[in-house]
Amino acid sequence: MIPTATERDALLQAFARALFKGDMDALYGVVTPDFVWRYHDGLSPERVLTGRDAIEKHIAERKAFFASSRFHDVVYHHLPDISFMTFRVSETVRSTGEQREQQGVERYTFANGKLATKDVYRKPIAG
C-alpha cells in the first residue's frame, strides 16, 4: 500500500523527529523492517545503511562530527509512488568550527504504509 500524500507527510515528520532525537524505536515504527538508507553528501563516498545498528551508528557519527545541523527550505514533493524532499542544510564541524552549507534532495519509497528507502543526495553550495 502506498500512503496518501497526507499519510506520507505524517510518516516523514515522524521519521524526522525520531532521527533528530536518536529514537530508534520511533524510527523503526515508521520504516519497514528491511529499510535501506543510501547517503551521499558530495564530500565522501556513498554509504548504504541497512539495519538498525548501521543506522544508529551513522546517527551517532553525525552527532559527534557536527556541533550543529540546521535544515532550511524543506519542501516535500509527492508523486504517485515516490516522494522527494528538497532542502538546504547548515552545519558546523565540531572539531574546527568550519561552517558547511549544502543543498540536497532526498528520495523516498514506500511499502506496506511505511518508508522503505531513503536516498540522500547533497552537494556543497558554492560560496
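Brief remarks on what is shown
- Exactly one residue among F65, F15, F87 is surrounded by 14 or more Cβ atoms within 10 Å (Cβ to Cβ), among the aromatic types (F, W, Y) and free of Cβ contacts under 8 Å to residues at least 60 places away in the same chain, and that residue is F87.
- Unique residue being under 23 Å from K123 (Cα atoms) and touching a Pro at 6+ places or on another chain (Cβ under 8 Å) when the list is R70, R100, R94, R47: R100
- For region 71-84, a residue qualifies if it is touching a residue at least 24 places away in the same chain (Cβ under 8 Å) and either farther than 18 Å from L115 by Cα or loosely packed, with under 14 Cβ neighbours inside 10 Å (or both), and the qualifying residues are P80, D81.
- L43 meets each of the listed conditions (1) under 14 Å from the mean Cα position of the chain (by Cα); (2) more than 17 Å from L115 (Cβ to Cβ) apart from (1).
- Selection from region 18-35 of residues that are touching a residue at least 12 places away in the same chain (Cβ under 8 Å) and surrounded by 12 or more Cβ atoms within 10 Å (Cβ to Cβ): A18, L19, G22, M24, A26, L27, Y28, G29, V30, V31, T32, F35
- Annotation: R38 fulfils all but one of (1) surrounded by 15 or more Cβ atoms within 10 Å (Cβ to Cβ); (2) basic (K, R); (3) free of Cβ contacts under 8 Å to residues at least 60 places away in the same chain; (4) in contact with a Leu (Cβ under 9 Å, 6 or more places away or on another chain); the unmet one is (3).
Every number in this text was worked out from the coordinates using simple rules, so none of it is lab data. Treat the numbers as computed from the prediction; the structure is a model and nothing was measured. Methodologically, a virtual Cβ is constructed for each residue, glycine included, from the backbone with ideal geometry; neighbour enumeration extends over all protein chains shown.
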